[in-house]
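What follows is one structure encoded as structure tokens, with my remarks underneath.
The values are calculated or read from the model by the stated rules, or taken from the named source; none is laboratory data. Worth saying up front: this structure is predicted, and the values here are computed from it rather than measured. Neighbour counts are summed over all protein chains in view; Cβ atoms, including those assigned to glycine, are modelled from backbone coordinates with ideal geometry.
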Amino acid sequence: MDGAELRNADVRIEGGVIAAVGQGLDAAGAEVLDCAGCVLTPGLVNTHHHLYQTLTRAVPGAQDALLFGWLKRLYPIWSRFTPEDFALSATLGLAELALSGCSTTSDHLYLYPNGARLDDTIGAASEVGLRFHPTRGAMSIGESDGGLPPDTLVEREDAILEDCLRVIDAFHDPAPGAMVRVGVAPCSPFSVSRELMRDAAILAREKGVRLHTHLAENDEDVRYSLTTFGCRPGQYAEDLGWTGPDVWHAHCVKLDAQEIDLFARTRTAVAHCPCSNCRLGSGIAPVRAMRDAGVTVGLGVDGSASNDRANLLAEARQAMLLQRVAHGADAMSARDALHIATVGGAAALGRDDIGRIRVGMRADIAGWDVSGIESAGSWDSAALLLAGPSSVRDLFVEGRRVVSDGRIATVDMAAPLAAARRAVARLAG
Ligand SMILES: [Zn+2]
């Protein structure tokens, strides 16, 4: 990802770490996987998702709605979710990401009906085998307080902060190579109070964890900020401690030049979600300008209810195409988009141990078979976003084979798929 592309090279993995990279490595004592006909990239990094939404894809009545109307259609359905639904949707969503070459994902879970806990998704991630950055999201302003979500989906603010502490103490691992790191993530400035935004930032810094939320997603969002807070989203974030190298914001479609400058100066990162932005008609995020200004940008598939597909390689392709729609064919190259999907995502999540195939980095590697129909005729198979394939042949995470020959190797998916059909019938019923 730093410009060096090796041909006919070997990678040796030892104990979850990349031990050697180069041609003709000694394979003595190693289990050998023949990757002839493949391109190897770092495992892709997903910086924004709502895994629970995997059970509410393509819901009639929400398919063509704008953001706020879309939320109002889906809130009553989500309020019927059980803890098992959260675990199941996480298993499905994580497996889908893995097949698209994603080895590390963040998740933003901000509603906890019927006894659900962040713990439900963390168990699923360890089974599927992805490196996981779950964030403890929250909403506290319900309909009766003039907010958007029904009162049944909001929590008391002291209970939210208490549970943030609980999940950080129980699951957050700051060590290199960590498989789980927890973040703090009130849903958005329009679903919690100013005080909670401020207190969440203080708590996250006391505990040394990262901060995440939705920001400046569309025009309605900016209008809400101007009307309710008397300032633009960037100003609101800055005033409450929500800028800095430990913060990453989802979307940021409507950041203006001053806000881009603010993000660059404070090293605040962005999770760019191009398919979701297209799907909800939010607009084209100024990614070219952000990158030129030095802002850290990662990619996010966003929740499956607003994409509705969680293919991270396709997301990178969409990022590339969308910048070209706005700024011309040279606005973003395929390699640029792959850089955002790997190195950019790792930086947005504050990780210096993933995102590159290099000695000493964690062994998170995606193997793409470029010998098939989708790639036939390619003059540059490493430009994965211009032609196929659209899913991986093999995926290693921490040296463990999560996808093998195009199938999930860690979990038998038959049971979760059957459970998903039952869950949709029940939730629709
Ligand atoms: Zn989102």
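The single condition among (1) within 16 Å of the ligand (Cβ to nearest atom); (2) surrounded by fewer than 24 Cβ atoms within 10 Å (Cβ to Cβ); (3) hydroxyl-bearing (Ser, Thr, Tyr) that THR266 does not meet is (1). Meeting the requirement of 2 or more residues that are touching a Ser or Thr at 6+ places or on another chain (Cβ under 8 Å) and touching a residue at least 40 places away in the same chain (Cβ under 8 Å), the strands (runs of 3 or more DSSP E) wholly within the range 1-89 are 38-42, 44-46.
Residues in the range 269-295 that are more than 16 Å from the ligand (Cβ to nearest atom), within 23 Å of ARG317 (Cβ to Cβ) and not charged (D, E, K, R): ILE284, PRO286, VAL287, ALA289, MET290, VAL295. Going by the structure shown, is ALA216 within 21 Å of LEU109 (Cβ to Cβ) and at pLDDT 95 or above? When the stated conditions are applied, ALA216 does not pass them. Just a yes or no: is a residue in the range 76-99 surrounded by fewer than 18 Cβ atoms within 10 Å (Cβ to Cβ), in contact with a Pro (Cβ under 6 Å, 6 or more places away or on another chain) and either of a type in the set (Lys, Arg) or farther than 30 Å from ASP353 by Cβ (or both)? Yes, the range 76-99 contains at least one residue that is surrounded by fewer than 18 Cβ atoms within 10 Å (Cβ to Cβ), in contact with a Pro (Cβ under 6 Å, 6 or more places away or on another chain) and either of a type in the set (Lys, Arg) or farther than 30 Å from ASP353 by Cβ (or both).
Every condition in (1) more than 16 Å from the ligand (Cβ to nearest atom); (2) among the β-branched types (Val, Ile, Thr); (3) under 30 Å from ALA58 (Cα atoms) is met by THR213 except one, and the failing one is (1). Sort out which residues of the range 225-252 are closer than 18 Å to TRP70 by Cβ and more than 16 Å from the ligand (Cβ to nearest atom), and write them in order of number. Scanning the range 225-252 gives no hits. In the range 100-122, the residue that is surrounded by the fewest Cβ atoms within 10 Å (Cβ to Cβ) out of those that are among the polar types (S, T, N, Q) and away from the ligand (no atom under 16 Å from the Cβ) is ASN114. Scanning the range 296-309 for residues that are near the ligand (Cβ under 9 Å from one of its atoms) and in contact with a strand residue (DSSP E or B) (Cβ under 9 Å, 6 or more places away or on another chain) turns up GLY300, ASP302, GLY303. Within the range 383-429, if we keep just the residues that are among the acidic types (Asp, Glu) and part of a loop (DSSP other than H, G, I, E, B), the residue that is farthest from GLY123 (Cα to Cα) turns out to be ASP405. Consider VAL325 carefully, then state whether it is at negative phi and either within 16 Å of the ligand (Cβ to nearest atom) or of a type in the set (Asp, Glu) (or both). No.
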